[in-house]
């Protein structure tokens, strides 16, 4: 987290800790000191590599909880058991499921974002994908008890990457955020990507305006 | 020529398996429609995280509290590229401001 301080500046990055004082991770992580892959030993998801996070008041209790994305396509929730001013994150994540089946974003590489995409007053989850495209998991639950339908395609993975030097649509490993880009009152999408071009790498930023 | 039973049974099982696989549902297509994509620029150059190992992660955020969203773009090196909005609310125009600083240094976060 980079805490915002006055005049649009940010404090140095700091790792988020859970209530037991451990660095908050889904499971697997790269140990930069030991230079090897490690896993959180007490986590039942120690093999799962977390790669993205966003914050939302999941349970409508007035503080921000975390929604975590993973390399293998699953989505996790880490509840804040403290308060908005003194967060105390749970020591374990909960995988987002439909019944007993974990929800998975096709193409994996989930970096979740929160937005009320359909304007029904409930927050939804958006995500890009390792295979490209953008997916929407619609909140079909209630305030304080969200529940999510399986992923729906908002943007199809590009069938043809075409001329990689001059692409006309996003490539792979997409990352998405929803915003009213042009101030017209509805949510548009910003999509970042990874696009190779004969050995050169690019990460473009695409705007999809809502019709 | 009469076909052996094992061959007929094998073909039947293969057909049933194929039918099952084809019936598995692809993700639904959401009903909300979008305009064709536009690749964003800062000045005359496309915004690109390529020299920082690509993997662009964009976010619109009003960094200078002027009422207009600016653009923050994460990259694989763990940095954040900053593009300030020098246009209007309806027609943003971005100016490359380099990498985000935090705590007096170029901000960098681990990517694993």
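With respect to residue A:146, determine if the residue is more than 7 Å from chain B (Cβ to nearest Cβ) and in contact (Cβ under 8 Å) with a residue 12 or more places away in the chain. Spell out the reasoning first.
On the way: more than 7 Å from chain B (Cβ to nearest Cβ): yes; in contact (Cβ under 8 Å) with a residue 12 or more places away in the chain: yes.
So residue A:146 passes the test.
When the residues of region B:49-61 are filtered to those that are surrounded by fewer than 22 Cβ atoms within 10 Å (Cβ to Cβ) and within 7 Å of chain A (Cβ to nearest Cβ), which remaining residue is farthest from residue A:109 (Cα to Cα)? Show your work before the answer.
We begin by selecting, within region B:49-61, every residue surrounded by fewer than 22 Cβ atoms within 10 Å (Cβ to Cβ); these are B:50-53, B:59-61.
Then keep just the ones that are within 7 Å of chain A (Cβ to nearest Cβ); that gives B:50, B:53, B:59-60.
On the way: B:50: 19, B:53: 17, B:59: 18, B:60: 21 Å.
Applying the filter and picking the extreme gives B:60.
For region A:46-56, indicate whether the set of residues that are more than 18 Å from the chain's Cα centre (by Cα) and at pLDDT below 95 is non-empty.
Our first condition is that a residue be more than 18 Å from the chain's Cα centre (by Cα); within region A:46-56, this holds for A:46-47.
Then drop every residue that is not at pLDDT below 95, which leaves A:46-47.
Yes: region A:46-56 contains one or more residues that are more than 18 Å from the chain's Cα centre (by Cα) and at pLDDT below 95.
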Within region B:85-100, tally of residues that are modelled with pLDDT of 95 or more and within 10 Å of chain A (Cβ to nearest Cβ): 2
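Could you tell me whether residue A:129 is modelled with pLDDT of 95 or more, more than 26 Å from residue B:89 (Cα to Cα), touching a strand residue (DSSP E or B) at 6+ places or on another chain (Cβ under 9 Å) and in a loop (DSSP other than H, G, I, E, B)?
Working: modelled with pLDDT of 95 or more: yes; more than 26 Å from residue B:89 (Cα to Cα): yes; touching a strand residue (DSSP E or B) at 6+ places or on another chain (Cβ under 9 Å): yes; in a loop (DSSP other than H, G, I, E, B): yes.
Criteria met by residue A:129.
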Residues satisfying the stated conditions in region A:123-132, i.e. within 14 Å of residue A:194 (Cα to Cα) and within 14 Å of the chain's Cα centre (by Cα): A:128, A:129, A:130
Filtered residue count, region A:56-72, keeping only those that are out of contact with any strand residue (DSSP E or B) (no Cβ under 6 Å at 6 or more places or on another chain) and assigned to a strand (DSSP E or B): 0
Of residues in region B:101-112 being over 23 Å from the mean Cα position of the chain (by Cα) and part of a loop (DSSP other than H, G, I, E, B), the one nearest to the other protein chains (Cβ to nearest Cβ): B:103
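If you check A:36, A:44, which single one turns out to be touching a residue at least 40 places away in the same chain (Cβ under 8 Å) and surrounded by fewer than 16 Cβ atoms within 10 Å (Cβ to Cβ)? Step through it out loud before you land on a result.
Working: A:36 fails: touching a residue at least 40 places away in the same chain (Cβ under 8 Å).
Residue meeting the stated conditions: A:44.
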Check on residue B:74, modelled with pLDDT under 95, within 30 Å of residue A:35 (Cβ to Cβ) and facing chain A (nearest Cβ under 9 Å): no
Complete set of residues in region A:183-211 that are assigned to a loop (DSSP other than H, G, I, E, B) and either modelled with pLDDT under 90 or facing chain B (nearest Cβ under 7 Å) (or both): A:183, A:198, A:199, A:203, A:209, A:211
Qualifying residues in region A:1-33 (those that are on the phi < 0 side of the Ramachandran plot and away from chain B (no Cβ under 13 Å)) - the one surrounded by the fewest Cβ atoms within 10 Å (Cβ to Cβ): A:20
Members of region B:11-48 that are at pLDDT 90 or above and more than 7 Å from chain A (Cβ to nearest Cβ): B:36, B:41, B:42, B:43, B:44, B:45
Qualifying position, being exposed (fewer than 15 other Cβ atoms within 10 Å of the Cβ), within 13 Å of chain B (Cβ to nearest Cβ) and over 18 Å from the mean Cα position of the chain (by Cα), among A:120, A:116: A:120
Residues (within 14 Å of chain B (Cβ to nearest Cβ) and over 13 Å from the mean Cα position of the chain (by Cα)) located in region A:81-113: A:98, A:101, A:103, A:106, A:107
Condition broken by residue A:170, with the remaining ones in (1) in a strand (DSSP E or B); (2) under 17 Å from residue B:36 (Cα atoms); (3) more than 16 Å from the chain's Cα centre (by Cα) satisfied: (1)
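The values are calculated or read from the model by the stated rules, or taken from the named source; none is laboratory data. This is a predicted model, so every value here is computed, not measured. Neighbour counts run over all protein chains shown; Cβ positions are idealised from the backbone, glycine included.
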